[in-house]
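Read the structure below first, then the notes.
The values are calculated or read from the model by the stated rules, or taken from the named source; none is laboratory data. Only a predicted model underlies this, so the values are computations on that prediction, with no experimental measurement involved. Here Cβ is always computed from backbone atoms with ideal geometry, including for glycine, and neighbour counts include all displayed protein chains.
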Amino acid sequence: MNFDTIIIGGGLSGLTAGIELQKRGQKTLMISSGQSALHFFSGSFEFLNTEEDYPEALKKLPAGHPYSLMGAEKVLETASKVQDFFAGAGVVLNGEEGRNHFRITPIGVLKQAWLTLEDYARLPSDKSLPWKKVTIANIEGFLDFHPDFIAAGLEELGAECHCRSISLPELDRLRNNPSEMRSANIARALTGSVIGNLAKRLSDVSAGSDVILLPAVLGLDDPRPAQSLKVRTDRPIEYIATLPPSVPGIRTQMMLKNFYTRLGGTYLLGDSVTGGDFEGRKLKGIRTVNHSDKLFCADNFILASGSFFSRGLLSTPSGIFEPVFDLQVNCPQERRDWTKENFFDRQPYMGCGVATDGQFRALRKGESIENLRVCGSLLSGSDAINEGCGAGVATITALHIAENITEGK
Amino acid sequence: MKGNNYDVIIIGGGITGAGTARDCAMRGLRTLLVERYDFTSGATGRNHGLLHSGARYAVTDRESATECIQENMILRKIAAHCVEETGGLFITLPEDDLSYQALFASACKAAGIDAEIIDPKEAISLEKSVNPSIIGAVRVPDGAVDPFRLTTANVVDARGFGAEVLTYTEVVGFIRDGERVVGVELRDNITKTRSRKYAGIVINAGGIWGHRIAAMAGATVNMFPAKGALLIFGHRVNNMVINRCRKPSDADILVPGDTISLIGTTSSRIPYDEIDYMSVTPEEVEILMREGRKLAPSLGTTRVLRAYAGVRPLVASDNDPSGRSISRGIVCLDHEKRDGIPGFITITGGKLMTYRLMAEQATDLACRKLGVRKSCETASTPLPGSEKKAKKKEAKRVFSMPGLGGKAAVGRHGGRNGRIDNSDRNGASLVCECEEVSVGEVKYALQELDTRNLINLRRRTRVGMGTCQGELCACRAAGLMANGCTAKALEDLAVFMNERWKGMQPVAWGETLSEAQFTSWIYEGVCGLSRFKEKKGGM
């Protein structure tokens, strides 16, 4: 089996790289275990937590940060392509040029964001709201969305909030099982004629409101149910992220995957890479669990296997390592230095990742592997949560690598 | 029974205070129990949860061993819903001295403990997880006991007999009439308001903190804090308690409890001013992992959920001011005789296993002083949740309920489970999937079990104690608890996540580190919870 490029990991970063390479005429293979961080999506991509314009903020990042390795100019140039890139896959994202806007989190906090999915609430400022009277509606019995928390956050900004619980007989079947009232199951039930019923109930309970805020539990397969509800309800609807799993996140991953395969990419689901054959400073091929007899060969390889919770990195009491190729990892030597005592402190382990050269080529035994590049949260030097740069690093490094590979850099 | 006058005020909401409140109330005393934070927030909530057979002490401390086996048999009857009769093994490893086994077995017999030397092969067939290289095994009637449930049951029963109970209420001073203690000055630790309550007898059941309480009354009780660290493993590795058959040492007891296993403990003396700030060191984790693997090799590959440490209240004998001679038994001090302070009693020393006996001794002494002639009935009266009738009736009800939440709740609340209302159309819905806690159970805990915050709720229901350590259930429970006061609920959620992390941090590798990253991703990345992060510590 020969490919131009093999991508290991089917999350946001891997899919971005794969799609871009297919667009650029490559023949690629993607190996994915299935779930990714998109399943825990907030509804927004973050570029960087900052109140400044991006060019200013980029200057202050440490030298080992993936953005610093690329250089601010290249980062901004690549970032400006992301919105159109996703629109091509049917994933519509909105944002402002060169600076952050705000999203409303499931607990009513206003957080900085770069690009936010269409239909989600998106605010230009965290000091004031575009609405005076807000109805926040939940599906009765759904425990992963808390209108009271959101109301409290918005009331601080002067909104008058009304929390409503909507009960639909079509959801009684879910309710009768103690663990079924979860977002994905609700999304499966909220289709077809049920949308009409929901629209009517929402119109009934929201008289006088400027907006209805709803948990993002519509549209597991495509965005149509969410849009259809908007059209059929008397007042504007904006969606707010729920606790995981994220229905729009699952949908986004699927749409990206479908787009990738439509472009001719080969997608291998539910398999994982066990290791590879190296020849000097080149990776010749890789082997997987399900096809242990085969060597998957390619000119180039991209490792986008994620951080700890995606198992891109593993740890034992004595160390942190990269399990597929045993690549060089940047992390503190002593276990006691991986973590800080306070949950909300900046945790050093978050910045651990694979060491690379300036072209994101992985280091192994002190040398860079010429044709093995790393992108996304597996890279060392960034803290997705503390710095608010997870999706930015995932997409921008992936596009950058794809460009470098096809342009032979 | 409102008002400010009682026969007896008990200080401390650990198992000893709760047990003493129950005993006093059952004997008809007007009883008030005060606890500065939450029930079980001290040593009661930070131990093995081992239903000792007493075998561990048979060789070194016959008196404690005898007390243990007697109380062990009593708890099986009166607290059946808090006890799991797992049985236990004392194993000899190749590195241990096998000749100790005979001494051990005969000491057990002498203390009245049913200890039986069995073939190592039989031990391996009884307990699959045990180290297969054992050269000796003794079977004993050890078990597991849930100290949270046991305390809750004692509090519920004390209330049933008319006792008043105040949590988050701290004694900040004693009211005196000459030398006599006639009451306590209280501070509500939430509202910061103060009040005074009067009683014929004040009983100090403050565990290690009893040292300070006694000092406030002008009495010296020499206590020596001994820290013990433990590790919780992510699933139930062993079904029987596994001990090392040797002189008691570090990390030689592995106890199964509900869905997990616990290894402990280390033992180290610590300065008194550290007792409120326990943390587990990497060295302690190392000892517990190393010794644990010797008991059950599969611990080496089992996920460690969290680490925690408690403080044993060791009491120096009165006749030894140097503090070298430590009594491990029950210490019931009549401060009238000892220090010339009438109206004041301290009950301390002892252990979880002997709490009922400690309560009995303290209550006997209080009754003598109050001139009340009623004998103790706690050894024969089942605790609420363990009444025979209640259990059968409950079993019938529960198996007609949808899902699994019902069965788990019966385990936690026994016959009291009938008070959980899942009839509301959303009541059976699960808040915590790992521990199968339903909306109805959370509401029951909120209404009837003095639950003011998420940490209280965890102690009452096990929310957030499972393998995910509160990933989604914490936010669901916070939503149910908010009840109009959302900022407080979110601050509480931040405190809860931080408290969970403090137990995970010493063992943050492998699955536990991945899970922690996921939790941060959700609570900080998606939600932005740090906006509500704590300004002060939570209990």
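Of all residues in region B:228-255, those that are at negative phi and free of Cβ contacts under 8 Å to residues at least 60 places away in the same chain have Cβ atoms under 7 Å from Cβ atoms of residues that are among the aliphatic types (A, V, I, L, M) and not in a strand (DSSP E or B), 6 or more apart or on another chain, in B:D250/B:I287; B:L254/B:L295; B:L254/B:A296. Look through region B:480-508, keep the residues that are crowded, with 22+ Cβ neighbours inside 10 Å and either more than 17 Å from B:M465 (Cα to Cα) or assigned by TED's automatic domain parsing to the domain that holds B:L231 (or both), and return whichever of them is farthest from the chain's Cα centre (by Cα). Per the stated criteria, the residue is B:T486. In region A:165-193, which residue that is surrounded by 21 or more Cβ atoms within 10 Å (Cβ to Cβ) and closer than 19 Å to A:S228 by Cβ is farthest from the chain's Cα centre (by Cα)? Selected residue: A:L171.
Identification of strands (runs of 3 or more DSSP E) wholly contained in region A:255-308 with 3 or more residues that are assigned by TED's automatic domain parsing to the domain that holds A:G9 and more than 26 Å from the chain's Cα centre (by Cα) yields A:273-279, A:282-288, A:296-303. Taken over region A:224-242, the criterion of being in a helix (DSSP H, G or I), more than 13 Å from A:A187 (Cβ to Cβ) and either of a type in the set (D, E, K, R) or not assigned by TED's automatic domain parsing to the domain that holds A:I212 (or both) is satisfied by A:K230, A:R232. Being at pLDDT 95 or above, within 30 Å of B:G292 (Cβ to Cβ), in a loop (DSSP other than H, G, I, E, B) and among the acidic types (D, E) is a property that B:E95 has.
A quick yes/no check of all residues on (1) among the β-branched types (V, I, T); (2) crowded, with 24+ Cβ neighbours inside 10 Å; (3) touching a helix residue (DSSP H, G or I) at 6+ places or on another chain (Cβ under 8 Å):
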position	(1), (2), (3)
B:G178	no, no, no
B:V181	yes, yes, yes
B:V184	yes, yes, no
B:R196	no, no, no
B:I201	yes, yes, yes
B:G206	no, yes, yes
B:M216	no, no, no
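The combined condition, being surrounded by fewer than 22 Cβ atoms within 10 Å (Cβ to Cβ) and in a strand (DSSP E or B), is fulfilled by B:I232.
Table: residues versus (1) among the aliphatic types (A, V, I, L, M); (2) farther than 13 Å from B:R419 by Cβ; (3) modelled with pLDDT of 85 or more; (4) touching a Lys or Arg at 6+ places or on another chain (Cβ under 8 Å).
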{"site": "B:E441", "(1), (2), (3), (4)": "no, no, yes, yes"}
{"site": "B:L457", "(1), (2), (3), (4)": "yes, yes, yes, no"}
{"site": "B:G466", "(1), (2), (3), (4)": "no, yes, no, no"}
{"site": "B:G470", "(1), (2), (3), (4)": "no, yes, no, yes"}
{"site": "B:C473", "(1), (2), (3), (4)": "no, yes, yes, no"}
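Scanning region B:461-517 for residues that are of a type in the set (K, R), more than 8 Å from chain A (Cβ to nearest Cβ) and under 24 Å from A:S165 (Cα atoms) yields a count of 1. Among (1) free of Cβ contacts under 8 Å to residues at least 60 places away in the same chain; (2) under 24 Å from B:E122 (Cβ atoms), where does B:L51 come up short? Failing condition for B:L51: (1).
For (1) more than 17 Å from the chain's Cα centre (by Cα); (2) within 20 Å of A:A394 (Cα to Cα); (3) not assigned by TED's automatic domain parsing to the domain that holds A:T233, each residue gets a yes or a no:
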site	(1), (2), (3)
A:Y67	yes, yes, yes
A:A72	yes, yes, yes
A:Q83	no, yes, yes
A:E96	yes, yes, yes
A:T105	no, no, yes
A:G108	yes, no, yes
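The set of residues in region A:2-54 that are of a type outside the set (S, T, N, Q), surrounded by 24 or more Cβ atoms within 10 Å (Cβ to Cβ) and assigned to a helix (DSSP H, G or I) comprises A:L12, A:G14, A:L15, A:A17, A:G18, A:I19, A:E20, A:L21, A:A37. I'm checking my understanding of the structure. Among residues of region A:292-323 that are closer than 16 Å to B:A508 by Cβ and among the hydroxyl-bearing types (S, T, Y), which one is surrounded by the fewest Cβ atoms within 10 Å (Cβ to Cβ)? The extreme case among them is A:S318. Are any of the residues in region B:463-479 in contact with a Gly (Cβ under 7 Å, 6 or more places away or on another chain), charged (D, E, K, R), assigned to a helix (DSSP H, G or I) and crowded, with 20+ Cβ neighbours inside 10 Å? No, every residue in region B:463-479 fails to be in contact with a Gly (Cβ under 7 Å, 6 or more places away or on another chain), charged (D, E, K, R), assigned to a helix (DSSP H, G or I) and crowded, with 20+ Cβ neighbours inside 10 Å.
Scanning region B:518-529 for residues that are within 7 Å of another protein chain (Cβ to nearest Cβ) and either in contact with a Cys (Cβ under 7 Å, 6 or more places away or on another chain) or in a helix (DSSP H, G or I) (or both) gives B:F518, B:S520, B:W521, B:I522, B:E524, B:G525, B:V526, B:L529. Restricting A:L399, A:L378 to residues that are closer than 19 Å to A:F40 by Cβ and either away from chain B (no Cβ under 12 Å) or among the hydrophobic types (A, V, I, L, M, F, W, C) (or both) narrows the list to A:L378.
Among the conditions (1) over 28 Å from B:A366 (Cβ atoms); (2) without any contact (Cβ under 8 Å) to a residue 60 or more places away in the chain; (3) over 28 Å from the mean Cα position of the chain (by Cα), the only one that B:D177 does not satisfy is (1).
Matching residues to (1) farther than 22 Å from B:C432 by Cα; (2) modelled with pLDDT under 95; (3) away from every other protein chain (no Cβ under 11 Å):
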residue	(1), (2), (3)
A:S128	yes, yes, yes
A:S165	no, yes, no
A:D172	no, yes, no
A:R175	no, yes, no
A:T191	yes, yes, yes
A:L213	yes, no, yes
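Let's see how each residue does on (1) of a type in the set (A, V, I, L, M); (2) in contact with a Pro (Cβ under 6 Å, 6 or more places away or on another chain):
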| residue | (1), (2) |
| --- | --- |
| A:S128 | no, no |
| A:W131 | no, no |
| A:N138 | no, yes |
| A:F142 | no, no |
| A:F149 | no, no |
| A:L157 | yes, no |
| A:C161 | no, no |
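Listed by position, the helices (runs of 4 or more DSSP H) enclosed by region B:330-435 that each have at least 2 residues that are modelled with pLDDT under 95 and outside the structural domain of B:T16 (by TED's automatic domain parsing) are B:388-398, B:405-413.
Identify, from the list B:F104, B:F90, the residue that is crowded, with 17+ Cβ neighbours inside 10 Å and not in a helix (DSSP H, G or I). Result: B:F90 is the single residue among B:F104, B:F90 that is crowded, with 17+ Cβ neighbours inside 10 Å and not in a helix (DSSP H, G or I). For the criterion of being buried (at least 20 other Cβ atoms within 10 Å of the Cβ) and either of a type in the set (S, T, N, Q) or on the phi < 0 side of the Ramachandran plot (or both), A:R224 fails. With the structure loaded, tell me whether B:R159 is among the basic types (K, R), more than 30 Å from B:A107 (Cβ to Cβ) and not in a strand (DSSP E or B) or whether it fails that test. Here the answer is yes, as B:R159 does meet what is asked. Taken over region A:324-352, the criterion of being within 12 Å of chain B (Cβ to nearest Cβ) and surrounded by 15 or more Cβ atoms within 10 Å (Cβ to Cβ) is satisfied by A:C331, A:R335, A:W338, A:T339, A:N342, A:F343, A:F344, A:Q347, A:Y349, A:M350, A:G351, A:C352.
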